[in-house]
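Just below is one structure, and these are the notes that go with it.
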Amino acid sequence: MTNIRLPRAVCAVVNEVLQGSHDALNTLFISSGAPLPVPNLSHTSKWKEWLYAAGNDPNVDSLFLLGGVLEEFMDVAPVGETRHLTDWKNKRERVVRVLEENGFRYYRGGRILPTGEMPEVSTSAVSGPAPPAKPNEISDLLETLIKGLRRAMHPLTHRRKGAQPLVFSNEFDVQDLLHALLRPWVSDIRPEEFTPSYAGSSTRMDFLLPKHKLVLELKFVRDRQHAKKIGDELIIDIEHYRRHQACDQLWCVIFDAEHLLLNAEGLKSDLEGERITKDGGIRVRLFVL
C-alpha cells in the first residue's frame, strides 16, 4: 500500500476546485478509499483536512485516493458556455501545477505518481489503475463492482471520435451495466423474479443470486420528488424481500446522478443492518453512488 503524505498545498487546491454537495463529495471520497469517519467540518475546509488526514493514515493508499477524487474533474471537460470551459481549464492547470511543484504528476484515468515514475502500460493500452485481484467472497466482488459502476461508465460515455456514446439516463440503463459486469463472475443470475406479497402486492426483484441467497436492488433517482420517496420505496422492498425464502441478504444501490438526495448518510444509517421478525429475516446493505 502506498502511504505518501499529501502536502497541504495539494489538499488546499483540491478543496478549492472540487464542486458538489456534502453528500455527493462524501460519496466520492468514500468510494475512492477515504478513511472514516467523515470529518464534521464546513465545506471550505472539509475536503483538504480529509485528504491530509488520509495521507497520514497507514491503511490508506493516498495517491490512489487523490487520483480517484480528481479523475472526473481532470478528465471530463464541461459542456456548455465557453466561460465554463475556460474556468475549468484554469482550475485544471492549477491542479497540474501544484502537483508538479510538490513532486507528483497526474495521468489520465485517475493515476497520480511521484515525478519520475511512469505508469505501467499494458499491451492492450488500457488506461487507469491496475484491476483489483479476483475477489474470494461474493461480498468483496459485489462491493468492487458497485463502487466501480461510475468508473465503468466513463469509457462508454466518453468514446472514441465517431463512436456513439452510451447514455445512462434511467434505471434500466444502469441495471443492464451492472448485469453485464456480474455475468463473467456469477453463473446463476435471475432477473425480475417476483417476491411474496406484502400489503396486498408483490414486486419484481432486479437480480436474485440464488446460490448466495442475495438480492441486488437498484434505484435511479429521477428527480427531486422521487428523491424524497426513495426511502419509503426501499422500506417496502425490504418487507417484500424479508418474506422470500431464497433471500437472506438485500444489497440496495441508489444511483443519484444529479446529487438530489439530501441526506444519503442518514438514509444509509436508517436502513442498513439486520431486520428480523416472525415472518423472516434479512441483512440490508445500502450504497449511494
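Which of these values of Cα Rg over 2.2 N^0.38 Å was calculated from the structure shown: (i) 1.00; (ii) 1.08; (iii) 1.16? So the structure-derived entry is (ii). Given the options Val96, Ile146, Ala9, identify the residue whose Cα lies farthest towards the positive end of the charge dipole of the chain (+1 on Cβ of Lys, Arg; -1 on Cβ of Asp, Glu). Farthest towards the positive end: Val96. Rounded to the nearest 20 debye, the dipole magnitude of the chain is 520 debye, with +1 charges on Lys and Arg beta carbons, -1 on Asp and Glu beta carbons, and the Cα centre as origin.
With both labels modelled 7 Å from their Cα along Cα-to-Cβ, the Thr157 to Ser169 distance reads 1.3 nm.
The spread of Cα positions in the stretch 55-120, taken along each principal axis and listed from longest to shortest, comes to 42, 24, 22 Å. Using C-alpha pairs under 8 Å with a sequence gap of at least 6, the mean separation divided by the residue count of the chain gives a relative contact order of 13 percent. Where the alpha-carbon atoms of the stretch 138-288 are placed on the principal axes, they occupy 58, 37, 27 Å, in descending order.
For the chain, excluding the exposed loop sites themselves (trypsin sites (Lys or Arg not before Pro), DSSP loop, at most 12 other Cβ atoms within 10 Å), the longest remaining stretch covers 162-277. Dipole size of the stretch 8-114 about its Cα centre, with +1 on Lys/Arg Cβ and -1 on Asp/Glu Cβ: approximately 240 debye, rounded to the nearest 20.
If only the Cβ of Lys and Arg carry +1 and only the Cβ of Asp and Glu carry -1, the dipole of the stretch 138-288 around its Cα centre is close to 440 debye.
Note on the stretch 20-73: semi-axes of the ellipsoid equivalent to its C-alpha gyration tensor, largest first and rounded to whole Å, are 16, 13, 9. For the chain, modelled as a GNM whose springs connect Cα atoms under 10 angstrom apart, the maximal fluctuation among Asn136, Asn59, Asn26 occurs at Asn136. Determine the distance separating the Cα centre of the stretch 45-87 from the Cα centre of the stretch 211-289; give it in Å without decimals. Cα centroid to Cα centroid, the span is 29 Å. For the stretch 8-114, the C-alpha radius of gyration divided by 2.2 N^0.38 Å, with N the number of residues, is 1.03. Summarised in one figure, the compactness ratio Rg/Rh of the stretch 218-289, Cα atoms and Kirkwood Rh, is 0.99.
Coordinate-derived values only; no laboratory data. No experiment lies behind these values; they were computed from the predicted model shown. Cβ atoms come from the backbone with ideal geometry, glycine included; neighbour counts cover every protein chain shown.
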